[in-house]
Amino acid sequence: MSVVPANIESESLEVGSIEHRRLLGRFFLDTHLEYVPEQMQWPALGEEELARLRSLPFWQEAVSTENVTSNTVAAAAALEPDPLVRKAIEMQGLEEMRHARLLVALTSHYRIAIESPPRFTPRSLESDFLFAGFGECFDSFFAFGLFALARESGLFPPALVTVFEPVMQEEARHILFFVNWVKYRRSQLPWRRRPLFRLRCAWIVLKQVASRVKTARTMGQPQPVGPGAHENFTLTAHQDLGARVTLHRLLELCLTENERRMAEYDARLLRPRLVPGIARAVLRLVPSGM
Ligand SMILES: [Fe+2]
Ligand SMILES: [Fe+2]
């Protein structure tokens, strides 16, 4: 899958160099997988499995998130002057739309009622892309752990785990692309504009952290209801699955899975550090039984 296997020590690339830009575009386009959500063979589920699947409260939120992300990403391709990197962003937009289509196909196959969200139009191409990208860095990191938990516990039908495996790996590619794109983008700006770009990124990250802290504080409490109740659901969905897991174990799983998924790609690409760094810091503070 990778252009250069991750286990081969390779020279580091200068961020913003022609090589970095080429690798950014090529890695993303070369690792794209073909599949058509509408042609997916959905496994037959037992009554208990079906009831558990239907009782999960986050399907609407998942479809809405993919809808916002896909429209934001597709529009953000216009930001990019380089044809190869632009093509990669367009491809990501298509993949996000495919995630929404896969969820729609699943919910219609298993008769789970959801409403199709209205088409989302981003207000600012760059700010919205940064917001969606940093949001994915958090959501996907927690989704990796949640997915491993679902796989290990058997609480989620194993046949569906197989269907969603490529989606998880696509999310790993997305955040790997995003963290490299942010650095690449900054390097292309005139030096006077770089501090403001950094500041905007820091502000967006702060907003994302605050939102996750708010969600984390509701963990273990009765499920909230109403619009936005399942925001950041990848952080809390293990409770909906009925998995008994400590925060410590969940974070450990997220970190291991993050590393495993990233190891598939070219070692010269920068790795996400922010969210794994926060997770490691929290792990040091939280006792292992919590
Ligand atoms: Fe997605
Ligand atoms: Fe994504």
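What follows is calculated from the coordinates using simple rules that are stated; it is not laboratory data. Please read all numbers here as calculations on a predicted model, not as lab measurements. With ideal geometry, Cβ positions are generated from the backbone for all residues, glycine too; neighbour counts draw on all protein chains shown.
For the chain, the relative contact order comes to 30 percent (Cα pairs under 8 Å, sequence separation of at least 6).
Reported to the nearest whole Å, the Cα centre-to-centre distance from segment 25-46 to segment 168-189 is 21. Size descriptors for segment 96-241: radius of gyration and Dmax over Cα atoms are 17.4, 54 Å. Counting every other Cβ atom within 10 Å of each residue's Cβ, 40, 262 order from fewest to most as 40, 262.
Which of the three applies to segment 87-156, rounded, prolate or oblate, going by the alpha-carbon gyration tensor with a ≥ b ≥ c and a/c under 1.5 meaning rounded? The shape class here is oblate. Taking only the Cα atoms of the chain, the ratio Rg/Rh comes out at 0.95, with Rh defined as the Kirkwood radius. Pairs of Cα atoms nearer than 8 Å and 6+ residues apart set the relative contact order; for segment 224-290 it is 46 percent. Quick check: from the Cα gyration tensor, does segment 108-147 come out rounded (a/c under 1.5), prolate or oblate? Oblate is the answer for segment 108-147, as a/c is 1.5 or above yet b/c matches or exceeds a/b. How far is the Cα center of segment 272-290 from the Cα center of segment 62-111, in Å? When both Cα centres are located, 30 Å separates them.
Rg and Dmax of segment 13-94, both derived from C-alpha coordinates alone, stand at 18.2, 55 Å.
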